[in-house]
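The values are calculated or read from the model by the stated rules, or taken from the named source; none is laboratory data. Note that the coordinates shown come from a computational prediction; the quantities given were computed from them, not determined experimentally. Because the Cβ atoms are built from the backbone with ideal geometry, glycine has one as well, and the counts that use them run over all protein chains shown. Ligands, DNA and RNA are stripped out before the accessible areas are found, and what is left, the full protein with its side chains, is counted by its heavy atoms. Shrake-Rupley method; radii C 1.70, N 1.55, O 1.52, S 1.80 Å.
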Amino acid sequence: MIRRTFFALALASTPSLFSIGTYAATPTNGTACASLAALTIPSVTIRSATAVPGGGFTPPGSRQEMVLPAFCRVEAVARPTSDSEIKFEVWIPPAEAWNGKFQGVGNGGYMGSISYPAMALALRRGYATASTDTGHTGDDMKFGQGHPEKIVDYAYRAVHVMTETSKLIVRDAQGRFADKSYFVGCSAGGQQALSEAQRFPEDYDGIIAGDPANNRIRQSFGFLYAWLATHTTDGAPIIPQAKLQLLTKSAVDACDAIDGLKDGIVDDPRKCHFDPAKLLCKNGGDDAACLTQPQVDAAKKMYEGLKSPKTGEQIYTGWPRGSESFGDAAIMSWRTYVMDPQEPMRLGFFKYFLFHDPNWDYRSIDWDRDLAYAEQKLGFFAPVDKDLSGLKKHGGKLLMYTGWMDPVVPPQDTVAYYEGVTKTMGGAERTRDFARLFMAPGMGHCSGGPGPNTFDALAALEQWVEHGAAPDKLIATHSTNGKVDRSRPLCPYPQVAHYKGTGSVDEASSFSCVAPTSVSPSKTTTTSGTR
Ligand SMILES: [Ca+2]
């Protein structure tokens, strides 16, 4: 209720922007690209409208040229409040190349820039597409200090305003509205996707939420906890990269066979209870093949996650065994978000959004008191509402996916959200007819990892939205040096890919999606009524 009230107040000053009725009657033909600059939409300024010929295009702030088909590039800024400055772009294919659809694309991190690569992907598939900087520049949180409306823009308003306005611009350019609208996002984009599904269910017909960082308040607490758990009081990281790799290798070796197939992938890390104490160095020593006691303790805390010191309640889930370090890139390990930073990630959330104190001392955190304060004050900031009846009523479809080895957003948190939706929406069958979650064993944060991690979620969602063909599996591939060396089905949760017993374990056709056979912690809430 707090979130909805806040929303109503925040929009009270600009009702006209959100009424399509203020716009002129549908033109019979589209408007020439350059003429779109003359378009008037309340609270929106069109900064430019330029026909871009097919070929090389270098986006602002980038040195990397993208090869694109011809499109009309519209740059705009929306100001739904007097403190708003929401920049966004709309790219529109020429009528003959347009697939008749619109695609909003999500951002990463704390956003602060337009997602040109994601727009390029959409444009190449024939979509008219839009992206926003969410109302601020850069990936830190200083913009929120003294600017509560900018926090709202970032939290959910910018994407909604971008969506409604872009649809109007596309209509003007093409002479008709898009037939269908999709939103595609991963990480922070997954958060935006769930925000749209919960708050503005009529914006999109199909929504993809990958590795969603939607539990954003508790995640900020989780990052703070993780950093404190894995750094000395001097701020030095306790577990070096080589030991992270040792942990992953040991955990996977110990748990690989639990799923019935020794293939280097742990299908469900919740069933893996590998104890890092098994790696404890003998006689207090320290070498490459073992862990010191502080390293064992730090790893255990990462697996356990943040619990209330007062009640023992799990405030934020731990990170899965196997996510420690499964590749050379820092993002394929705990390094980027936990180990490498000089201070806890997303500290700005506390300094600029919550306490408005740039000098706030993170060691003064009171987990219970400060969490209660944060959820009371900034509840609108985290789209964790499990009631998706608005989306269901609209006929919208939600496709979620998450890597089981995600070292950034713990996959258990995404599973917990989906299980909560299942419960709220009246059970598994009533949920899977419009919302499905695909877990990707061995996949990292949005991509990468030893498991199959490349798949076309949008093609599957298009079939679902446009032809009523719900995805019973997604075929994912894994490549080494650009060559596909394994394919597997990703299955709608709680199903898992089961080896049929014959054929190559590197071929998707050797697997079928089945209900999990062994008992899992989530069985009581999710498996009833499923096949
Ligand atoms: Ca396995």
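Taking every residue in region 403-419 that is of a type in the set (Asp, Glu) and pairing it with any residue that is assigned to a helix (DSSP H, G or I) and open to solvent by less than 10 Å² (accessible area, probe 1.4 Å), at least 6 positions away or on another chain, the pairs with Cβ-Cβ distances below 9 Å are 406/414; 413/219; 413/222; 419/526. For residue 96, the stated conditions hold: it is farther than 30 Å from residue 355 by Cα and in a helix (DSSP H, G or I).
Can you find, within region 76-90, the residue that is surrounded by the most Cβ atoms within 10 Å (Cβ to Cβ) among those that are in contact with a strand residue (DSSP E or B) (Cβ under 8 Å, 6 or more places away or on another chain) and farther than 10 Å from residue 135 by Cβ?
Among them, the one singled out is 90.
When residue 71 is tested against (1) over 20 Å from residue 176 (Cβ atoms); (2) touching a Pro at 6+ places or on another chain (Cβ under 7 Å); (3) open to solvent by less than 20 Å² (accessible area, probe 1.4 Å), only condition (1) is not met. The set of residues from region 410-454 being open to solvent by less than 30 Å² (accessible area, probe 1.4 Å) and charged (D, E, K, R) comprises 413, 419, 432, 436. Considering every residue within region 412-426, establish whether at least one is within 16 Å of the ligand (Cβ to nearest atom) and touching an Asp or Glu at 6+ places or on another chain (Cβ under 6 Å). No, every residue in region 412-426 fails to be within 16 Å of the ligand (Cβ to nearest atom) and touching an Asp or Glu at 6+ places or on another chain (Cβ under 6 Å).
Residues being without any contact (Cβ under 8 Å) to a residue 12 or more places away in the chain and either on the phi > 0 side of the Ramachandran plot or open to solvent by less than 20 Å² (accessible area, probe 1.4 Å) (or both): count how many of those fall in region 455-504.
Counting residues in region 455-504 that are without any contact (Cβ under 8 Å) to a residue 12 or more places away in the chain and either on the phi > 0 side of the Ramachandran plot or open to solvent by less than 20 Å² (accessible area, probe 1.4 Å) (or both) gives 5.
With respect to being open to solvent by less than 10 Å² (accessible area, probe 1.4 Å) and of a type outside the set (Lys, Arg), residue 372 falls outside the description. Looking across region 415-446, the residues that are under 15 Å from residue 488 (Cβ atoms) and in a loop (DSSP other than H, G, I, E, B) come down to 441, 442, 443.
Residues in region 281-327 that are within 24 Å of residue 446 (Cβ to Cβ), not polar (S, T, N, Q) and not in a helix (DSSP H, G or I): 305, 306, 316, 318, 319, 320, 321, 322, 324, 326, 327. Of the residues making up region 268-277, at least one is of a type outside the set (S, T, N, Q), open to solvent by 20 Å² or more (accessible area, probe 1.4 Å), away from the ligand (no atom under 16 Å from the Cβ) and closer than 16 Å to residue 304 by Cα.
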